[in-house]
Every structure is written in C-alpha cells, then in structure tokens.
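Here the structure comes first, spelled out in structure tokens, and everything after it is commentary.
The values are calculated or read from the model by the stated rules, or taken from the named source; none is laboratory data. Every value quoted in this text rests on a predicted model; they were computed, and no experiment measured them. Glycine also receives a Cβ, built like all others from the backbone with ideal geometry; neighbour counts cover every protein chain displayed. With ligands, DNA and RNA removed, areas are computed over all heavy atoms of the protein, side chains included. Shrake-Rupley method; radii C 1.70, N 1.55, O 1.52, S 1.80 Å.
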There are 2 protein chains.
Amino acid sequence: MSRDLTIAEVRLTPILVADPPLLNTQGVHQPYTPRLIIEVVTAGGVSGFGETYGDAKYLELAEPFAERLAGRQVNDLNGLFTVADAVAVDAARVENAVDVGGLRGVQTADKLRLSVVSGFEVACLDALGKALELPVHTLLGGKVRDAVEYSAYLFYKYAAHPAGVPSEPEDWGEAVDPAGIVAQARKFTERHGFTSFKLKGGVFPPDEEIAAIRALAEAFPGHPLRLDPNGAWSVPTSLKVAEEVGGILEYLEDPTLGTPGMAEVAGATGVPLATNMCVTTFAEIKEAFTRDAVQVVLSDHHYWGGLRNTQQLAAICRTFGVGVSMHSNTHLGISLAAMTHVAATVPNLHHACDSHYPWQSEDVLTERITFDGGKVTVTDTPGLGIEVDRDRLALLHRRWRDDDGTMRDRDDAAAMRVTQPGWTSPAMPRW
Amino acid sequence: MSRDLTIAEVRLTPILVADPPLLNTQGVHQPYTPRLIIEVVTAGGVSGFGETYGDAKYLELAEPFAERLAGRQVNDLNGLFTVADAVAVDAARVENAVDVGGLRGVQTADKLRLSVVSGFEVACLDALGKALELPVHTLLGGKVRDAVEYSAYLFYKYAAHPAGVPSEPEDWGEAVDPAGIVAQARKFTERHGFTSFKLKGGVFPPDEEIAAIRALAEAFPGHPLRLDPNGAWSVPTSLKVAEEVGGILEYLEDPTLGTPGMAEVAGATGVPLATNMCVTTFAEIKEAFTRDAVQVVLSDHHYWGGLRNTQQLAAICRTFGVGVSMHSNTHLGISLAAMTHVAATVPNLHHACDSHYPWQSEDVLTERITFDGGKVTVTDTPGLGIEVDRDRLALLHRRWRDDDGTMRDRDDAAAMRVTQPGWTSPAMPRW
C-alpha cells in the first residue's frame with residue numbers, strides 16, 4: 001500500500017435502506033430511506049468511506065463536488081470547505097425542498113453544502129487513517145474515552161408498513177401507548193444494554209406522551225429520560241409538560257420551534273432544553289447562546305459539516321457553558337463509526353448520544369457494530385475501523401436504481417398519506 | 001526512522017535570549033528574556049521541539065508535566081490536557097506572580113497550565129509530523145494559504161540597555177518620538193517588507209502617541225495601522241484617542257482594561273477594538289462576546305493552550321462575528337514556525353499577525369526564518385520544518401544557568417528601575 005495520498009477516484013453510491021414505520025410529528029418513516037455512500041480512493045490504493053443524507057438535493061450537490069476532488073490530497077480537510085464554496089447551490093431549490101417537514105431544522109444552501117462535505121470528510125479521514133495506520137480518533141487529536149454511550153431511541157410506531165409496500169420483516173411490533181413504549185424500551189435494554197431513553201414525541205397529544213414518560217420512569221427508576229416532540233408544542237404547552245414531567249427528565253428536546261420560543265421556555269423552567277432544530281448551524285449559535293435558549297446542543301456531524309466541525313461546535317458549547325451530545329437520523333454503520341470516533345474525542349460529552357442504528361436491520365458493513373451495555377467500543381483499528389460489504393452495497397444501490405422515484409426523497413408526510421389519505425404536515429405548534 | 005510514536009524522553013531547556021530595550025506601559029524589556037525550549041523524543045528516535053514562556057512558574061509546572069509524558073503516545077494531543085489537569089498548581093502563587101505587570105491578561109492556574117501544554121503540544125506535533133512525514137499544518141487539517149502575513153511591531157525604545165548590563169549589539173537605535181517611530185518603520189519595511197504597522201503604546205502621554213500614528217499615516221498612506229497602549233487609558237481617554245485617530249486605524253488594541261470598559265469604548269466608537277488582555281482565556285469569551293466588547297481577538301497559542309486550541313478560538317470568533325489575529329511576546333523561531341502553521345489553517349484570519357521575531361537577534365534555529373514582503377512562507381517540510389542548533393541552544397541555556405536570578409523572571413518594571421530608580425508599574429488607567 002503506497003503512501004501517495006492524492007485522491008485518484010471518488011465513487012458515489014446512492015442507496016435505499018429499510019426503515020421501520022417510526023412515527024413523528026410530521027408523519028411516518030418511509031419503508032426505505034435514501035442514503036449516500038461516498039468512497040474516496042487514493043492513488044496509493046487506499047479506500048475510505050463516508051455516509052450522508054441521500055435525498056436528491058444532496059446527490060445533485062455531491063456530484064459536482066466529487067468531480068472537483070480528484071487530484072487533491074486526502075489530508076486536505078480544510079480544503080473541502082473551499083471546494084464546497086465553489087459548488088453552486090440553487091438556494092431557492094434548497095429552501096423550498098421537502099426535508100422531512102423541517103425535522104432537521106433550518107434549510108439553507110450553506111447547510112446543504114456542509115451536509116455533503118461531511119460525507120466526504122469522513123471518507124477522507126477513513127482513507128487517511130488507513131494510509132497512516134492510525135484510527136480516525138487519533139487524527140482528531142486522540143480519544144479521551146474508550147467507549148461511547150448511546151441512548152435507546154424509542155419511537156411510537158406501527159406494527160408494519162402498509163400491505164403491498166415491500167420492506168424487511170421486523171419484530172419490534174406496534175407501540176402507540178405507554179405500555180407499548182415501555183415494552184420497546186425493555187427490548188432495547190435486553191438487546192443492547194442501553195441505560196438511558198429518548199422518546200420521539202409530538203405524535204400524540206401531550207398528555208399521552210406525559211403518561212409514556214411517567215411509565216418509563218416507573219419501569220426504569222433513576223434512568224435518564226428525554227422527550228422530543230420536534231417543536232410540536234406552543235410555549236404554554238411546553239411549560240405545562242415541563243411542569244408535569246420536568247422533574248424526571250434529563251432534558252426536554254425541542255419542545256417548541258425557534259429561538260424566541262425556546263428562550264421563553266428555558267427562562268421559565270428549570271428543565272434543560274436540548275435541540276437539534278433550533279441550533280443546527282453555526283449561524284444560529286450567537287442568538288441562541290446569548291439568549292440562553294438552549295442548554296444542550298445535539299450535534300449531527302452530517303449537517304454540521306463533519307467530525308472536525310463537530311469538535312469545533314463542542315468547543316463553542318464548552319466555552320458558553322452549553323452541553324453537547326449527538327443527534328441522529330436514520331443512518332448506517334459508517335456514520336455510527338464516525339460518530340463514535342468524534343464522540344470519543346470530545347471531553348465535554350456528558351449525555352448519551354442518540355442513534356437510530358438499532359432500527360436499521362440493513363447495513364453496508366461486513367460486520368455490524370454492536371452496543372455493549374449501551375456503549376460502542378472505540379476502535380484503534382486504522383481509519384474508521386470498519387469494512388464495507390460491496391455486494392450488500394450493490395444490492396441496496398440496485399434498490400435505489402430500480403425505485404420509481406417515490407422513495408428517493410424522504411417524505412414522512414407522503415408516507416403517512418398511504419394509510420391516512422389527505423394527511424399533511426401539521427401546522428406548528430400542533431398543540 | 002521507526003514509526004514507534006511512544007514518547008521515550010522529554011527534555012526541558014530553559015534559556016535566556018537577548019532582548020532590546022523595548023518600552024511598554026509597565027517599563028522596559030530586560031536585556032535577556034527567559035524562554036523554555038521543550039524537546040519530545042519518540043521511541044522511534046524522532047525529536048520534536050516546542051517553545052513557551054520560561055519564567056520560573058512555567059518551569060515549575062513543566063517539570064512534573066514532562067515526567068508524566070513518558071510512555072504516552074506523541075499523537076495523544078487531547079490527552080495533554082488530561083495530563084495538565086493532573087498537575088497541581090499553587091493558584092495563589094500564580095495569581096500573585098509578577099507577570100510583566102499583567103501585560104498578558106488575567107493570571108489563573110488554568111491559563112498557566114495551558115501555557116505549558118502549548119509548548120508540549122507544539123513539540124508533539126513537530127515530532128508527529130516528522131514521524132508521519134507530514135507538515136504540521138496538515139496535521140491541523142491543511143493550509144488554506146501559502147504564506148502568512150505579519151505586521152511590523154514598532155516600539156518606543158532606548159538606544160541601548162544601561163551600561164554594564166551585557167547584551168547583544170543592535171542597530172535599531174533610539175525611538176522616543178514620532179520621527180523615531182517612522183524611521184523604525186522604514187527599517188522594518190526595508191528589511192522585511194512589512195506593509196502593516198503596530199505601535200506599542202501606553203509609554204508616552206496619548207497626544208504624543210497620536211502624533212506618532214499621524215506621522216506613520218503620512219509616511220505610509222493607506223497602510224493598516226494599529227495602536228496598543230496595553231490598557232493604559234481610561235474610557236474617556238480611549239474615546240478621545242478613537243476620535244482623533246480612529247479614522248486611520250485598522251483597529252485600536254486594548255485601549256482600556258476589562259470587559260466593561262472595553263464594551264463602553266466599543267459601544268461609543270466605530271473603531272474596532274482588538275485584544276490580547278481582555279480576552280485571553282476561554283472563560284472570558286462569553287461575557288466579552290455577548291457584550292460586543294471586542295471586535296478582534298489576538299490569539300497567542302502559548303496561553304490559549306496550543307495550535308488546536310487556537311483553531312477552536314478562531315472557530316468561536318467566526319461563529320460570533322469577531323475577527324481573529326495573533327498576538328506576540330518575545331519568542332524565537334520555533335514559535336514563529338508554530339504560529340505560521342496554525343495561521344495557515346485559519347480561514348478567518350483577516351489581519352496581519354504580530355511577531356516580536358525581528359527584534360530577536362538570537363535564535364535556536366540553524367537557519368533563521370525570513371519575512372518576504374512581510375510574509376512567512378508556509379513550509380511543506382515535515383513537522384514544523386525547522387532545525388534546532390543544539391550548540392546555540394546549549395549556549396543560551398548556559399546563560400540561563402549562570403544568571404544570578406535577576407533575569408529568570410521577566411519583570412519590565414524591575415528592568416526600568418535600573419535607569420529610573422523608584423519606578424513601579426503605573427496604576428491603571430495611567431492616563
């Protein structure tokens with residue numbers, strides 16, 4: 001294996017991965033979710049892999065971006081942002097695009113660029129690590145912990161996708177009430193050893209979700225609990241929920257939309273507020289932090305622009321006395337490995353990270369990453385420490401290629417209309 | 001050269017370097033200034049060098065720190081902070097120590113720790129870069145520019161140190177009035193090609209320094225000019241100076257002490273305020289940034305905790321719309337190389353950096369670093385791209401060893417008393 005670190009080739013592989021019928025305030029996960037797998041190959045023959053969102057608007061940007069990478073050095077990570085700046089983005093197209101009903105926060109051209117950069121950055125770090133025989137966490141300054149803790153990500157869900165829509169079998173069953181959520185939580189603890197729990201809320205009226213949190217607190221006394229309605233509540237509703245269950249919550253996540261509303265809720269309750277919607281870009285930090293609108297930022301390395309930007313975000317949070325942890329959307333093992341490497345290097349990571357990974361029955365790795373006691377061990381294997389199964393990747397790509405277009409953009413409201421004709425994304429605040 | 005990155009040995013070499021009689025508001029530079037040269041040697045036989053402050057309190061902390069490094073990996077940069085946290089610091093000793101009369105800002109145990117960490121971090125980066133055959137800027141994510149611009153650092157100064165105090169000959173001559181400052185500036189442009197100028201003020205009453213700035217503006221029309229009285233002025237005096245020369249200044253640096261005063265000045269004038277005194281630690285950022293007290297932070301990698309912390313500081317500044325550039329105290333080529341590598345990686349570096357380097361007639365390098373058109377070329381040579389002259393290092397160490405103790409702590413007020421008996425650090429604000 002040669003040390004030539006020049007990027008010789010970049011391969012983009014859009015895929016569709018099976019996703020269970022998980023509910024959120026906008027609708028339900030589609031049977032398949034698009035992801036983009038990025039492979040960077042050096043002139044020295046080393047391959048590195050990254051993963052990011054795979055909706056059409058990301059693919060459209062990734063292609064010209066990839067074309068500009070050939071001939072650059074795989075270690076020129078700062079240069080990725082220069083490349084991104086040079087790729088034209090149709091801002092109007094971005095701002096009006098369906099984006100899971102805004103579950104990922106503000107939509108801007110810059111954020112789209114960063115979401116694409118992140119996939120390439122992780123691929124470059126993986127390749128660089130392999131070429132230098134160093135793990136990615138070492139390229140990020142070194143791990144400060146040997147394992148990274150994740151939380152059980154509980155969802156209200158249907159038992160299965162509507163008949164006729166092909167998907168993978170899964171055995172999680174239905175969860176539409178407190179008993180269903182507690183049963184799901186038990187499965188999570190049995191299978192993965194998680195000790196903290198996050199409930200995706202905003203699906204049912206607040207009283208039902210309050211009951212679910214109370215049921216969890218009773219079933220798992222003393223364990224950290226979180227509730228995330230994705231901004232579905234008004235300020236008064238948020239305050240009511242905070243009053244009812246604030247005492248048993250580790251934090252309340254995005255109870256209401258926007259910095260002013262979050263600041264109002266934060267100012268009136270002692271419950272810490274976390275966010276992956278109010279603060280999802282560097283541009284939103286100043287106002288939110290100066291107004292003390294959020295107490296924990298849930299970083300998503302995909303849209304913050306990669307692992308090094310995530311470290312910068314963590315440094316900003318530390319400087320302003322704001323906590324930091326990690327957000328997750330549907331993702332595969334490449335991103336779980338990336339999250340684990342960067343999380344291992346962040347000293348001020350004081351909350352278990354979120355991950356959808358246990359919900360993904362499919363992966364592109366030869367060997368799935370496992371949770372032991374709710375934790376992922378930080379590997380010292382060079383690069384991300386993973387191996388991609390090219391047959392599996394090709395299979396998931398064929399599914400994307402053969403799709404008639406209905407699954408290539410994740411649209412939870414459209415998926416909901418399959419069983420609930422006439423469903424539209426609810427106006428916010430919903431309650 | 002083996003790839004074993006284990007730290008096998010750490011060598012600490014305190015030295016005294018010749019320093020001209022440069023004036024500031026606290027007094028005058030001593031004939032010799034203490035610096036600490038840190039060498040980290042890997043089990044693979046690679047040496048890396050770092051440099052930091054060399055006063056006694058830094059040495060006292062560096063010794064137990066060095067003892068804890070053996071056996072660790074040279075690439076475990078995040079771990080350096082863990083090591084630092086474990087070394088006991090006598091907070092009272094730190095807070096009451098003479099520290100150039102507070103020219104370096106607040107004195108805390110944490111800042112002292114970071115000042116020591118930085119020397120080790122640079123040494124580790126140098127060694128790591130050599131072992132991996134990569135320049136330090138690549139270890140920091142890659143350069144975004146090929147040369148780093150520095151400003152001419154103008155000082156009021158005496159012609160020579162008092163008779164009887166040994167020092168190096170130097171030909172800069174006296175500068176105690178506008179004509180002297182302009183002549184000095186001309187020498188700087190002729191010798192190094194600098195195109196921007198910073199005058200260290202706070203030495204003479206404000207009217208005299210205003211006259212010097214006006215003379216510089218006349219001699220170098222359109223060139224960026226800065227004035228730095230090290231907090232010697234009251235808020236009203238600061239506002240008066242801003243009114244008189246604000247229009248021809250790139251920025252005004254630390255006109256007055258403390259965040260409340262700086263915020264008051266910043267709020268009442270359109271002249272950007274820079275600082276290396278009001279904001280010198282991460283702990284001071286929140287208040288200063290939320291109050292818009294400073295518009296440019298002058299990072300000093302020595303006390304911010306190294307090159308990676310400097311990148312974090314730059315990210316914070318970028319996020320809050322605050323400019324960033326670099327501060328300098330008396331330093332040698334190791335630190336100039338380190339500053340240049342990190343500066344090359346900071347996208348939002350929009351002001352020429354400060355450097356005392358042209359004032360240092362001595363260095364520990366085999367070959368001095370040169371300024372071309374006021375810029376230092378960013379090297380792609382592995383590590384810092386410098387070579388240490390061990391004979392020269394030994395010579396400067398012997399000077400430190402043989403010193404009777406009068407020069408081992410930099411004390412500009414004490415140096416001033418040699419010619420002005422009874423001199424004490426002026427109470428602030430001085431004017």
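In summary, residue B:111 fulfils each of the numbered conditions (1) modelled with pLDDT of 95 or more; (2) at negative phi; (3) in contact with a helix residue (DSSP H, G or I) (Cβ under 7 Å, 6 or more places away or on another chain) with the single exception of condition (1). Residue A:2 meets all of the listed conditions (1) among the hydroxyl-bearing types (Ser, Thr, Tyr); (2) more than 22 Å from residue A:153 (Cα to Cα); (3) open to solvent by less than 10 Å² (accessible area, probe 1.4 Å) but one, namely (3). Remark: residue A:346 matches the filter, which requires a residue to be β-branched (Val, Ile, Thr) and in contact with a strand residue (DSSP E or B) (Cβ under 8 Å, 6 or more places away or on another chain).
One residue is enough: does segment B:166-177 have a residue meeting the conditions modelled with pLDDT of 95 or more, within 15 Å of residue B:227 (Cα to Cα) and within 21 Å of the chain's Cα centre (by Cα)? No, segment B:166-177 contains no residue that is modelled with pLDDT of 95 or more, within 15 Å of residue B:227 (Cα to Cα) and within 21 Å of the chain's Cα centre (by Cα).
Without any contact (Cβ under 8 Å) to a residue 24 or more places away in the chain and within 21 Å of residue A:356 (Cα to Cα) - does that describe any residue in segment A:371-379?
Start the filter on segment A:371-379 by keeping residues that are without any contact (Cβ under 8 Å) to a residue 24 or more places away in the chain, which leaves none.
Checking segment A:371-379: not a single residue is without any contact (Cβ under 8 Å) to a residue 24 or more places away in the chain and within 21 Å of residue A:356 (Cα to Cα).
Return the residues of segment A:59-79 that are within 14 Å of chain B (Cβ to nearest Cβ) and within 28 Å of residue A:401 (Cα to Cα); say none if nothing qualifies. Selection gives A:69 alone.
Among the numbered conditions (1) under 21 Å from the mean Cα position of the chain (by Cα); (2) open to solvent by 10 Å² or more (accessible area, probe 1.4 Å), the only one that residue B:162 does not meet is (1). Restricting attention to segment B:1-43 and to residues that are small (Gly, Ala, Ser) and outside any strand (DSSP E or B), the residue that is farthest from the other protein chains (Cβ to nearest Cβ) turns out to be B:43. Of the set (1) within 14 Å of chain B (Cβ to nearest Cβ); (2) surrounded by 24 or more Cβ atoms within 10 Å (Cβ to Cβ), all apply to residue A:54 but (1). Against the list (1) modelled with pLDDT of 95 or more; (2) more than 14 Å from chain B (Cβ to nearest Cβ), the condition residue A:279 fails is (2). Flag not set for residue B:148, criterion: within 26 Å of residue B:201 (Cα to Cα) and in a loop (DSSP other than H, G, I, E, B).
Within the set B:89, B:94, the sole residue that is β-branched (Val, Ile, Thr), under 20 Å from residue B:302 (Cβ atoms), open to solvent by 10 Å² or more (accessible area, probe 1.4 Å) and out of contact with any strand residue (DSSP E or B) (no Cβ under 7 Å at 6 or more places or on another chain) turns out to be B:89. Residue-level check: of (1) under 30 Å from residue A:309 (Cβ atoms); (2) of a type in the set (Lys, Arg); (3) in contact with a helix residue (DSSP H, G or I) (Cβ under 6 Å, 6 or more places away or on another chain), residue B:375 misses just (3). The residues of segment B:324-348 that are touching a residue at least 60 places away in the same chain (Cβ under 8 Å) and over 16 Å from the mean Cα position of the chain (by Cα), listed by number, are B:344, B:345, B:346, B:347.
In the set B:408, B:430, B:368, B:398, which member is without any contact (Cβ under 8 Å) to a residue 12 or more places away in the chain and among the basic types (Lys, Arg)?
B:398
Quick check: is even one residue across segment A:141-150 touching a strand residue (DSSP E or B) at 6+ places or on another chain (Cβ under 6 Å), crowded, with 24+ Cβ neighbours inside 10 Å and not assigned by TED's automatic domain parsing to the domain that holds residue A:39? Yes, the conditions are met somewhere in segment A:141-150.
Filtering B:288, B:263 for residues that are within 13 Å of chain A (Cβ to nearest Cβ), over 18 Å from residue B:349 (Cβ atoms) and among the hydrophobic types (A, V, I, L, M, F, W, C) leaves a single hit, B:288. Looking only at residues of segment B:41-51 that are aliphatic (A, V, I, L, M) and open to solvent by 10 Å² or more (accessible area, probe 1.4 Å), we find that the one that is farthest from residue B:408 (Cα to Cα) is B:43.
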